[in-house]
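The values are calculated or read from the model by the stated rules, or taken from the named source; none is laboratory data. Quick caveat, the model's predicted, so the values are computed rather than measured. Methodologically, a virtual Cβ is constructed for each residue, glycine included, from the backbone with ideal geometry; neighbour enumeration extends over all protein chains shown. SASA here: full protein model, heavy atoms, side chains in, ligands and nucleic acids out. Shrake-Rupley method; radii C 1.70, N 1.55, O 1.52, S 1.80 Å.
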Amino acid sequence: MTQARKLAAGNWKMNGNRAALAELEALARAHPDPSVDILICPPATLIQTASAAMADTAIQIGGQDCHAKESGAHTGDISADMLIDAGATSVILGHSERREDHEESSEDVRAKARTAQAAGLVAIICVGESLDQREANNTLDIIGGQLAASLPDGCTAANTVVAYEPIWAIGTGKVPTTAQIDEVHDFIRTRLIRRFGEAEGGALPLLYGGSVKPGNAVEIFATDNVDGALVGGASLKAGDFSPIISALEAST
Ligand code: PGA
């Protein structure tokens, strides 16, 4: 199977103002020539400043959401084109907090992903089960359904990343066992290959997300089909995110 590229992605969520750019500077200094891709998705207000500050570094900047339409009367929303104009290379779509807070369906996520990819962004598409769904033994059914409905046709290894984020592991400090991560990632990989073919589906980066910390990153990155992480809380401080990046580099 083609080796997927490795990605350490940070999701700052609704955290951080201009003072937080110092963390980006520290991260860039700590990783001048990384062997993996590094992406930080700050709040929308910081994208332009952050991408300008990181222009000569290996750190890429991304958005946390975009609208499915290219432009128009959508107060408060941001288009894929605007993200690119501000310097973003990627956008997180279908995060469980968007699915919950904004009632985004997988169909909404697919429409956004299509627009983002067409604009030239990498779509980081999130899927994940709730604790109830896991306890009812429905995890793979839920993930299979979300994948089928959230990913547009024609996804490639260059324009799509999939992030498996069990909802019960996000911000809770609870992490699935590596056997549980392995089972879901293997399932996702099989589905991606079946739908997009060996070359694209086999090389499309597959991230794990949910309470990734410096202390558990080595073990998580040693798991088959884990090509990196989508990190929330531990991406806010360079001192936390940097060892996670180093763990990913060491796993390659
Ligand atoms: P967490 O968040 O690392 O704080 O658990 C992960 C995410 O929501 O992407």
Fill in: Cα gyration tensor of the range 42-113 - equivalent ellipsoid semi-axes, whole Å, descending
23, 13, 10
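Rank these by accessible area, largest first, 1.4 Å probe: E25, E165.
On the way: E25 75, E165 10 Å².
Highest to lowest solvent-accessible surface, that is E25, E165.
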Worksheet item: Once the range 1-92 is represented by equal point scatterers at the alpha-carbon sites, with solvent omitted, what log10 I(q)/I(0) does the Debye formula produce at q = 0.12, 0.13, 0.17 Å⁻¹?
Response: -0.38, -0.45, -0.72
Discussion item. Place a point 7 Å from the Cα of L140 along the Cα-to-Cβ direction; which residues of the range 172-196 have their backbone N under 20 Å from it?
Written reply: 176-196
Worksheet entry | the chain - mean residue ellipticity at 222 nm from DSSP helices (-39,500 (n - 2.57) per run, n ≥ 4, rounded to 500) | -12500 deg cm²/dmol
Discussion item. Taking a cut-off of 12 Å, what percent of all Cα-Cα pairs in the range 199-251 are separated by more than that?
Written reply: 61
Worksheet entry | Test item: Cα-centred dipole of the chain, Lys/Arg +1 and Asp/Glu -1 on Cβ, debye | 240
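Rounded, prolate or oblate: pick one for the range 117-233, where a ≥ b ≥ c are the square roots of the eigenvalues of its C-alpha gyration tensor, a/c under 1.5 means rounded, and failing that, prolate if a/b is larger than b/c, else oblate.
Numbers: a/c = 1.67, a/b = 1.39, b/c = 1.20.
Because a/c hits 1.5 or more and a/b exceeds b/c, the range 117-233 counts as prolate.
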Worksheet, complete the sentence: If one builds a Gaussian network model of the chain from Cα atoms under 10 Å apart, the most fluctuating residue listed among T172, T156, T139 is T172
Worksheet, complete the sentence: On each of the three principal axes the extent of the alpha-carbon atoms of the range 62-154, given in whole Å and largest first, is 44, 28, 20
Fill in: Cα point-scatterer Debye curve for the range 10-64, base-10 log of I(q)/I(0) at q = 0.19, 0.30, 0.31 Å⁻¹
-0.56, -1.36, -1.43
Response to the item:
For the A19, E70 Cβ pair and Förster radius 30 Å, calculated FRET efficiency rounded to 0.05 is 0.35
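Report, as a whole number in µm² per second, the diffusion coefficient that Stokes-Einstein gives for the chain at 10 °C and 1.306 mPa s using the Kirkwood radius over alpha carbon pairs. Walk me through the intermediate numbers first.
Details: Rh = 17.9 Å.
For the chosen part, D equals 89 µm²/s.
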Worksheet item: Roughly how many nanometres apart are two label points built 7 Å out from the Cα toward the Cβ at T57 and A222?
Response: 3.0
Worksheet, complete the sentence: Once the in-chain neighbours fewer than 8 apart are removed, the lysines whose Cα is under 16 Å from K69 read K112
